[in-house]
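Below you'll find the structure, written out as structure tokens, and then a few comments.
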Amino acid sequence: MIKNMFDRIFSFLALTILSPLLFTIAIVIYLTDFHSPFYVANRVGLNGKLFPMIKFRSMRKGADKTGVDSTSANDTRITPIGHFIRRYKIDELSQLINVFIGTMSLVGPRPNVKRETDLYTKEEKEILTVKPGITDLSSIVFSDEGNILADEKDPDLAYNQLIRPWKSRLGIFYINHRSVFLDFYIIWLTVLNFFNRQSSLNKIYEYLRRNCADQELYQVVLRKEKLVPTAPPGATEIVRNRS
């Protein structure tokens with residue numbers, strides 16, 4: 001109840017305060033190719049139900065028809081202005097609308113496409129028991145997701161092997177420890193990540209360690225070692241394909 005009330009009030013105030021910026025961004029995106037500045041696509045939300053997620057469009061029109069869900073930093077589908085708004089996560093600001101109407105929360109596991117959630121293990125399906133959010137622990141730890149996937153021949157498979165295992169573990173950890181304090185802490189860490197990424201990673205590491213997270217998990221969040229293919233939580237084998 002408190003979380004929902006905070007989400008609605010904060011998103012309304014944020015949309016009001018940021019409206020000049022949001023309007024300017026929309027105009028700039030529109031002027032690049034004279035198509036809608038918004039990209040609206042279904043994502044899987046609370047209890048596995050689909051909802052339309054709103055993003056500022058960072059790719060050329062029709063890019064979603066390529067069948068590739070994961071995006072690398074050097075993806076040719078990204079427009080020039082798209083690189084800028086993705087780098088600074090500006091494309092996510094429009095999701096404040098989703099928060100205001102109640103389909104998303106400020107803090108929660110990032111929503112995914114159905115093709116990905118269909119691959120979830122029984123353990124990962126716990127992620128769908130809460131509203132998805134604009135930011136969470138994995139959004140900070142893997143804010144460089146595009147760079148991780150940049151040189152991969154199959155970004156979708158690489159995502160499932162390198163990022164999904166840890167992203168899901170962080171989502172499950174959040175669900176098991178969620179509180180108003182943790183939500184505020186994640187929001188603060190999200191802001192801090194823009195100015196001092198290493199500091200935000202260190203603080204996540206300390207928080208996970210203090211709260212008895214798996215040692216392998218809190219070591220990974222420091223991002224000092226190269227990510228290697230890992231089985232998702234609840235599975236014993238590494239994902240080899242998405243079928």
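The values are calculated or read from the model by the stated rules, or taken from the named source; none is laboratory data. Not measured: the values here are computed from a predicted model. Glycine gets a Cβ as well: all are built from the backbone with ideal geometry, and neighbour counts include every protein chain shown. Calculation scope for accessible area: heavy atoms of the full protein, side chains included, ligands and nucleic acids excluded. Shrake-Rupley method; radii C 1.70, N 1.55, O 1.52, S 1.80 Å.
Quick look at the numbers
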read-out	value
Long-range neighbours under 9 Å by Cβ, at least six apart or interchain, first residue closer than 16 Å to Lys55 by Cα within the range 25-36, second basic (Lys, Arg) and open to solvent by 50 Å² or more (accessible area, probe 1.4 Å)	His35/Arg60; His35/Lys61; Ser36/Lys61
Flag for Phe56 being open to solvent by 60 Å² or more (accessible area, probe 1.4 Å), closer than 25 Å to Arg115 by Cβ, modelled with pLDDT of 90 or more and in contact with a helix residue (DSSP H, G or I) (Cβ under 7 Å, 6 or more places away or on another chain)	no
Residues satisfying the stated conditions in the range 86-131, i.e. basic (Lys, Arg) and under 22 Å from Phe195 (Cβ atoms)	Arg86, Arg87, Lys89, Arg110
Checklist (1) among the hydrophobic types (A, V, I, L, M, F, W, C); (2) open to solvent by less than 60 Å² (accessible area, probe 1.4 Å); (3) touching a Phe, Trp or Tyr at 6+ places or on another chain (Cβ under 8 Å); (4) closer than 19 Å to Leu106 by Cα applied to Phe12, failing item	(2)
Verdict on Lys122 being at pLDDT below 95 and more than 24 Å from Tyr88 (Cβ to Cβ)	no
Any hit, the range 188-203, residues being open to solvent by 20 Å² or more (accessible area, probe 1.4 Å) and in contact (Cβ under 8 Å) with a residue 60 or more places away in the chain	yes
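Residue-wise test of (1) surrounded by 13 or more Cβ atoms within 10 Å (Cβ to Cβ); (2) of a type in the set (A, V, I, L, M); (3) at positive phi; (4) touching a strand residue (DSSP E or B) at 6+ places or on another chain (Cβ under 9 Å).
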site	(1), (2), (3), (4)
Lys153	no, no, no, no
Leu157	yes, yes, no, no
Leu227	yes, yes, no, no
Arg242	yes, no, no, no
